[in-house]
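Taking it in order: structure first as structure tokens, then the write-up.
The values are calculated or read from the model by the stated rules, or taken from the named source; none is laboratory data. Predicted model, so just to flag it, every value in this text is computed and none were measured. Glycine also receives a Cβ, built like all others from the backbone with ideal geometry; neighbour counts cover every protein chain displayed. Note: accessible area is taken over every heavy atom of the protein model, side chains too, but ligands, DNA and RNA are not part of it. Shrake-Rupley method; radii C 1.70, N 1.55, O 1.52, S 1.80 Å.
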Amino acid sequence: MLATRGILRTIAQNPVALRSTFAAAPSFGVRHFNASHKVQEQCAAAESELLRQQRKLRPVSPHLSIYQPQITWYLSAAHRVTGVALGGAFYLSALAYLAAPAFGATVDTASIISTVAAAPVAAKVVAKTTVAFPFVFHCLNGVRHLVWDATKMLNIKDVYRSGYMVLGGTVVGSLYLALM
């Protein structure tokens, strides 16, 4: 016990003693590889090539091909797509409205009303349906998500029921807006 304390005290007071004490100890299982820079680059290139070859043989993840199509993920994807489409259309319309005077075009309420009034009825219905369908769907599906955020209708039966309600409401609401 005293011998151990004496050794520890000597090592603590003299760090050189620590190095010299353990320098003589054999290093089992430790290998040092001191290669030139060129050899290291060759090894790295060989490793990279080996990894590239291994990646070619790895299986590709099946991704969506293994899943059975369900209304839940169709509506989720459609909600995202309609949100991006509506947002993009809004920003492009706003930019066109702001940039129109620079190109000599007059874009105001009166010119928009006269343009729409001159269009045939079929073109008006198609244009209104094109705008109404994503708008109504995104709004109704957004309400569905708000209901889920309130921790309501989260069991699978209600999730499917609300999905079909959103689809039905989208058709009815879009036709109503398009035919007004």
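Just a few scattered comments:
- Inter-part distance, segment 49-76 to segment 95-138, computed on C-alpha centroids, equals 42 Å.
- Extending 7 Å from Cα along the Cβ direction at K124 and again at W73 yields two label points whose distance is 4.3 nm.
- Sequence-ordered 3J(HN,Hα) estimates for segment 92-99 from the Karplus curve with 6.51, -1.76 and 1.60 and θ = phi - 60° stand at 5, 5, 5, 5, 5, 4, 6, 8 Hz, glycine and proline given as x.
- Size descriptors for segment 36-180, from the alpha-carbon set: Rg then Dmax equal 25.7, 81 Å.
- The fraction of accessible area contributed by carbon and sulfur in segment 107-180 is 78 percent, rounded to a whole number (1.4 Å probe; ligands and nucleic acids excluded).
- Segment 93-180: relative contact order in percent, alpha carbon pairs under 8 Å with at least 6 residues between: 35 percent
- Report note on the peptides 113-124, 74-85, 130-141: ranked by the mean count of other C-beta atoms within 10 Å, highest first, their order is 130-141, 74-85, 113-124.
- Each peptide in 97-107, 166-176 receives the mean, over its residues, of other Cβ atoms within 10 Å, and ordering these scores from highest gives 166-176, 97-107.
- Rough spin-label spacing in nm, given labels placed 7 Å along Cα→Cβ, for D149 and A102: 3.6 nm
- Scalar couplings 3J(HN,Hα) for segment 67-83, obtained by applying the Karplus form with A = 6.51, B = -1.76, C = 1.60 to θ = phi - 60°, are 8, 7, x, 9, 4, 5, 7, 5, 5, 5, 5, 5, 4, 5, 5, 5, x Hz; x denotes Gly and Pro.
- For K157, a cut-off of 19 angstrom between C-alpha atoms picks up these aspartates and glutamates, skipping any fewer than 8 places away in its own chain: D149.
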